[in-house]
Amino acid sequence: QPTNFTQYEKNSSHYINPDAIYGMDPKGQEYSGNPYLFGVDPFWNLAENKLTFVNSYKMKLAVILGLTQMTFGLILSLFNYKFKGKVVDVYCTFLPQMIFLQCLIGYLSS
């Protein structure tokens with residue numbers, strides 16, 4: 001690894017050491033040209049706005065996982081109502097909750 005960090009060159013909005021080894025070269029043989037299926041590109045660690053981007057990414061993932069968990073819980077309650085034979089609870093509890101949750105998801109995604 002290079003140890004000369006006194007010579008920097010300006011690249012976009014931040015300074016990068018031209019001698020440093022950053023990992024995969026986007027123009028090299030290692031990169032297949034396809035985006036990542038899941039996760040964040042490691043080159044975001046070099047960006048000046050890394051913290052803002054990663055916090056926004058984590059917050060969006062938390063909202064998606066939370067809404068998925070709530071939808072799964074409502075579907076489980078539907079099976080519970082059907083198992084116990086409570087048809088009234090399906091129409092008076094499950095349907096209003098599911099409609100409200102899906103409308104909330106639609107509002108948040110638009």
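Readers should treat all values here as calculations from the given coordinates under stated rules, not as data from a laboratory. Being a predicted model, the structure only gives us computed values, none of them experimental. Quick reminder, even Gly has a Cβ in these numbers, built from the backbone with ideal geometry, and neighbours come from all protein chains shown.
Observations on the model:
- Peptides ranked, highest mean first, by Cβ atoms within 10 Å: ranges 63-75, 37-49: 63-75, 37-49
- Karplus (6.51, -1.76, 1.60) ³J(HN,Hα), θ = phi - 60°, over region 62-78, in Hz, Gly and Pro reported as x: 5, 5, 4, 5, x, 5, 5, 5, 5, 5, 4, x, 5, 5, 4, 5, 4
- Charge tally in the Cβ shell below 15 Å around Lys50, where Lys, Arg are +1 and Asp, Glu are -1, Lys50 excluded: -1
- Working note: Karplus 6.51/-1.76/1.60 with θ = phi - 60° gives region 99-107 the couplings 5, 5, 5, 5, 5, 5, 5, x, 5 Hz, where Gly and Pro are set to x.
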